[in-house]
Amino acid sequence: DVSMQAYESASNKKRKGKDRDEMLRKQAIATHNRMEKILMNCWRCLDSPKMLKHLVISMGVRCYLALPSRAVVTEGHCLIVPREHIIATTQADEDIQEEIMYFRKFLVKMFAAKNQGCVFTETVISMRKQRHTVVECIPMPADLYSDAPIFIKKAILESDEQWSVNKKLIDTRQKGLWRSVPKNFPFFSAEFGNGGGFAHVIEDEAMFKPDWGKEILCGMLGEPAQIVLRAKRAPLHVEQQRVKSFKQMWHKYDWTRRLEGGDLHAKMKAKKQAAAAAAAAAKS
């Protein structure tokens, strides 16, 4: 009977639709729960109980500046961290990218006053694990810094032979990192000062060491990488002293003091108002 067949067909479609909706609902719940677990266990998210808030140096709108708790390559080694849980700066929006560059700008100024240059590195691997990305700032003496681009380029080209069969080196000096590396690819990058540098797309994540970039920089600085990168966390009072010393050095260059709530915000606001009043008076 045609009407019965039509009824059964409609009923089957309806049941399949419900099954599909239920499957999608369960997938959404599982994804949400997995992400909640990742955020709660994240060492970089400000709301996570595991986040070491005493290592924060200054707080921007979209990023913050902090000191590392381990694998401290040299004095002044610090981290620019997006406040949002993102796994690569190539996936960040323009506001985050702009603020990263702002932090970089003033870190470069601060270390230049000490006759040092800054190498900024980012290592993005195991993207499925959704690790919170950081941009590491590693200062070094000016004479070593001038050789850093050649040294790191050579290291990537030589070591890369065991990692991949595609293009080994991406030059980010023309277009910048975020326009040079595809969004959904793991990578290592090293950039110098306020400019670009080099990046490598990681094809075999199992072969790539998370601390590879720091090993290279330890070699440049004459630091024993095996000791530096495997060292345990320093005692709390040592970390607090490191933070205090860095804050004293950073205070003069800390642009976040101009933000609302910062000690320079009222002064900047009053200065703008005075300038506006003077301009209005000049016109009248």
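The values are calculated or read from the model by the stated rules, or taken from the named source; none is laboratory data. Please read these numbers as outputs of a predicted model, since none were measured by experiment. Cβ coordinates were reconstructed from backbone atoms using ideal geometry, including for glycine residues, and neighbour counts include every protein chain displayed. Heavy atoms of the whole protein, side chains included, go into the accessibility calculation; ligands, DNA and RNA do not. Shrake-Rupley method; radii C 1.70, N 1.55, O 1.52, S 1.80 Å.
What the table shows:
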quantity: Probe 1.4 Å, all protein chains present, accessible-area order of ILE170, ILE80, largest first; calculated: ILE170, ILE80
quantity: Computed lengthening from LYS209 to MET40, 0.36 nm per intervening residue step minus Cα-Cα distance; calculated: 58.3 nm
quantity: Segment TRP255-ASP95, extension gain: residue separation times 0.36 nm, minus the distance between their alpha carbons; calculated: 56.0 nm
quantity: Amide proton proximity set for ILE86, modelled H, under 5 Å, gap of 5+; calculated: THR133
quantity: Neighbour net charge for MET127 - beta-carbon separation under 11 angstrom, K R +1, D E -1; calculated: +3
quantity: Angstrom value of the Kirkwood radius, inverse mean 1/r, which spans all Cα pairs in the range 48-162; calculated: 15.4
quantity: GLN241 paired with GLU158, simple spin-label distance in nm, labels 7 Å along Cα-to-beta-carbon; calculated: 3.7
quantity: Linear extension gain, ALA282 paired with ALA28, 0.36 nm per residue minus alpha-carbon span; calculated: 85.3 nm
quantity: Within the accessible area of the range 173-264 (1.4 Å probe), percent carbon and sulfur; calculated: 52
quantity: Volume in Å³ per residue [convex hull over Cα atoms, computed for the range 86-215]; calculated: 99
quantity: Spacing of the two label points (7 Å from each Cα toward its C-beta) at LEU221 and ASP263, in nm; calculated: 2.8
quantity: Largest-first principal axis extents, alpha carbons of the range 183-240, Å; calculated: 40, 31, 23
quantity: Cα extents of the range 100-141 along the three principal axes, largest first (Å); calculated: 41, 20, 8
